[in-house]
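Derivation of every value follows stated rules applied to the coordinates shown; laboratory data play no part. This one's a predicted model, so the numbers in the text were calculated from it and none came from an experiment. Please note: Cβ atoms are built from the backbone with ideal geometry, for glycine as well, and neighbour counts cover all protein chains shown.
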Amino acid sequence: YCFWRKAYISRKVLMPLAFFAAVVLFFKIMQVWYWWTYLILLAIAVLKAKSNLWRWLGMIFLTVVLVLGGEYLYHRPRAHFVSVFGAVIFLVFYFGFLLVKWRRYVAVSGLFITFFLFVLGFFILGNRNDVHSVTSLKSVIDTYREFEKRYRAQEVGFVPEKLTSHLYNKKKFSDVFPPDFSVFSEVSHEASPVGSPVLSSQQKSSLSHLMYGYVQNGRSLQLNENNIVFRLFVWRDMYREFIHTPQAWLTGFSFGHPQRSKSLEVLGWAKGEWSRDGWITPHNSFLHIIYRAGILGVGMIGALFFMMAKLIRDFYRMNSIEGGLLMAILIYWMVVSNFFVILEFPYNAIVIWPLFGIAWAYRDQLKEQTTK
């Protein structure tokens, strides 16, 4: 409503909401919404503050939350932080160019100092293993090569299992994931007949604890790097299957065709998931759209980015602060779509596509106001 119909939210309402958001952020009173929901309320209140004093105090407080709120910002899944980082880079340049246009050079300096502190906070307050796995390309390549050797050694004589595909499964997440999660652990990877490591009961217990406690305690470096390699194997197998199936180039594979990853099945990775469901999650919306829609999918992705570029251009020309914030949210979701199925699966898509429509409608509304 703040973006669409500002008249419904007055400053008298925003300031108590901002105070509520600040209290929740620092004292963790309730976890009904994600932390960034409260942060957005606070940012909106700062932008709507009447006096320059309150606006500057709000900006300082907001900067402190961003830089020092390590538990909320820096101790999150890596895909989340990389996506936030992408959105922040967009905001820095978007508002930077706006401020230069308005000849507010001191504010531009403050903007880039805040961005520098944001990056510094990631390296100082973030989990070291997360930082290393994101920034050390060589280490990830070495891990990939190690598992590629194991894959080639176990590929000889491999026969895929006959599986029945299920869209929904009655088994609970906890029934499958803890022992299966072991393939990402630091335990010995001596291969069993199906390529999975042999674990003792004590190892399984510790791995189960690792599975459910890694968000709070931080994942190990090997676990992080193996998680990256896991996705690379899935994407590689999607590419190979697509390239070697010319009839899928135009319109892709139908949803009746279960996507499977030979690399994961040879290594025994995520066996609890693909043996239960008969397919594996692609972990990349853009590749999945191309896999399912072929060249038509490439066209749809191109159209999406063209429309986003047009929105950014129009909001910038109309000096719209709210429009820039809206686009930052969409950019966050576009970046995170490189690591999860976001754009096409209902539990995320239901939120994203209406927001995209709101951004487009808001742009049209601003255009009508400027032409009057």
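Figures for the structure shown
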quantity	calculated
Region 261-332 - charge dipole about Cα centre, Lys and Arg +1 at Cβ, Asp and Glu -1, debye rounded to 20	140 debye
Cβ charges +1 (Lys, Arg) and -1 (Asp, Glu), total dipole of region 80-157, debye	300 debye
Region 277-347 shape via C-alpha gyration tensor axes, a/c threshold 1.5	oblate
Rg/Rg_globular for region 74-127, with Rg_globular taken as 2.2 N^0.38 Å and Rg from C-alpha atoms	1.27
Label-point separation in nm, Val82 to Phe345, each point 7 Å along Cα→Cβ	1.7 nm
Largest to smallest principal axis extent of the C-alpha atoms in region 317-369, angstrom	37, 17, 11
Label-point separation in nm, Leu137 to Ala309, each point 7 Å along Cα→Cβ	2.4 nm
Shape category assigned to region 235-324 from the gyration tensor of Cα positions, a/c cut at 1.5	prolate
Virtual spin-label span in nm between Trp360 and Thr245, 7 Å along Cα→Cβ	3.0 nm
Sorted by Cβ density within 10 Å, fewest first, the residues Val92, Val119	Val119, Val92
Segment Lys162-His257, extension gain: residue separation times 0.36 nm, minus the distance between their alpha carbons	32.8 nm
Charged-residue dipole, Cβ positions (Lys, Arg, Asp, Glu), region 220-282 about Cα centre, Debye nearest 20	60 debye
